[in-house]
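K.L.:
Let me begin by handing over the structure; questions about it come next.
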Amino acid sequence: MSKTRKFWLVSVNVLTISRIIGAMFLFPIYFHYGAKTIATILLILFLTDWIDGYIARKYHVSTFFGSLADGISDKTLAIVSAIILCFINKYFIASVILEGLIFVVNLFVFTQKGNVKSSKMGKVKMWFISLSMVVGFYFSKTDTNMINLLIAIPAILSELFTLIDYIIKGSKVKIEISNKKPKYKKAKEIRKMLFNPEFYDKYKDQAGLINHMYQDE
C-alpha cells in the first residue's frame, strides 16, 4: 500500500473514532456549557460520518475495521446524545430504546455470521437522527409538547424503519449453535484482515466475516 493510501486509511479511522471520543465528553460539556454548545459539537461530529465515508470511497481505503468502528461510533454517539436529550425532550426516550434494540439486532446478526455492512436504511437513519438531535439541542428551551414531538419524530420514525429493516434481514440469518469452541487465527492475521482494503472489497457483500477469524480445520 502506498504512503498516500496509508495516510488516508489512518485519517479515516481517526475521524471515525473521534465520534466515540466525542460522545464520552458530551455529558460534561452539556452540564458545563449548555445545550447550544452541544448542538454545535454534534453537528461537527455528525459531519465526520459523511467525511470519513467520502474519503474511504474516494481513496479506496474502506476496511472491515472501519466498517465495524463506524457502526459502533454512530451507535455510541446517537445513544449518548439521545440520553442527554431526554432531559430536554421526553420524546427522545423512544429514540434511546430503539437505538438499543437496533444494537441488539446488529450484534445478533454479527455473532450468527451475518453481513456486517451497514444498510442504506441505516445510513439514511443517521442523517435523520443528526437533524433531529441538533435541532433538539438548539431549541432546548422550547416547552411546547407539540414542537418537541415534531423535533423527535424524524429520529424516531427513521429508527423504527431501520429496526424493522434489520429484523427482516436478521430473520434470514441461520442460527448456529455449537458446543465446540473455535480456534482463532493469530492476532497478526486478524489485524491484516481487518485493516486490508482489498480484503474488504472482496468480502464486503458476503456474510460471515467472523468465519475468517477462525483457523482452518
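K.L.:
Take Asn145 and tell me if it is more than 21 Å from the chain's Cα centre (by Cα), modelled with pLDDT under 90, farther than 20 Å from Ile129 by Cβ and surrounded by 10 or more Cβ atoms within 10 Å (Cβ to Cβ).
P.N.:
Yes.
K.L.:
Conditions: (1) within 17 Å of Val134 (Cα to Cα); (2) of a type outside the set (Ser, Thr, Tyr); (3) at pLDDT 90 or above; (4) in a helix (DSSP H, G or I). Lys75 meets all but one. Number of the miss?
P.N.:
The failed condition is (3).
K.L.:
Can you name the condition, by its number, that Leu98 falls short on among (1) more than 19 Å from Lys36 (Cβ to Cβ); (2) buried (at least 16 other Cβ atoms within 10 Å of the Cβ); (3) modelled with pLDDT under 90?
P.N.:
(3)
K.L.:
Given the options Phe128, Phe161, Phe137, name the one that is modelled with pLDDT of 85 or more, in contact with a Pro (Cβ under 6 Å, 6 or more places away or on another chain) and not aliphatic (A, V, I, L, M).
P.N.:
Phe128
K.L.:
I would also like to ask the following. Taking the criterion of being of a type in the set (Gly, Ala, Ser), modelled with pLDDT under 90 and within 14 Å of the chain's Cα centre (by Cα), would at least one residue in segment 7-19 satisfy it? Let's see the steps before the verdict.
P.N.:
Keep residues of segment 7-19 that are of a type in the set (Gly, Ala, Ser), which gives 11, 18.
Going one step further and asking which of them are modelled with pLDDT under 90, we end up with none.
Taking every residue of segment 7-19 in turn, none turns out to be of a type in the set (Gly, Ala, Ser), modelled with pLDDT under 90 and within 14 Å of the chain's Cα centre (by Cα).
K.L.:
Could you list, in sequence order, the residues of segment 55-72 that are among the aromatic types (Phe, Trp, Tyr) and in a loop (DSSP other than H, G, I, E, B)?
P.N.:
Tyr59, the sole residue that qualifies.
K.L.:
In addition: In segment 32-50, is there at least one residue being part of a loop (DSSP other than H, G, I, E, B), surrounded by 15 or more Cβ atoms within 10 Å (Cβ to Cβ) and of a type in the set (A, V, I, L, M, F, W, C)?
P.N.:
No, segment 32-50 has no match at all.
K.L.:
Further question on the same structure: Keeping to segment 78-95, report how many residues are assigned to a loop (DSSP other than H, G, I, E, B) and either crowded, with 22+ Cβ neighbours inside 10 Å or among the β-branched types (Val, Ile, Thr) (or both). Please lay out each step first, then the result.
P.N.:
Looking only at segment 78-95, we keep the residues that are assigned to a loop (DSSP other than H, G, I, E, B), and these are 86-91.
Add one more test, that the residue is either crowded, with 22+ Cβ neighbours inside 10 Å or among the β-branched types (Val, Ile, Thr) (or both), and what stays is 88-89.
Residues in segment 78-95 being assigned to a loop (DSSP other than H, G, I, E, B) and either crowded, with 22+ Cβ neighbours inside 10 Å or among the β-branched types (Val, Ile, Thr) (or both): 2 in total.
The values are calculated or read from the model by the stated rules, or taken from the named source; none is laboratory data. Model, not experiment: these values are computed from the prediction. Cβ coordinates were reconstructed from backbone atoms using ideal geometry, including for glycine residues, and neighbour counts include every protein chain displayed.
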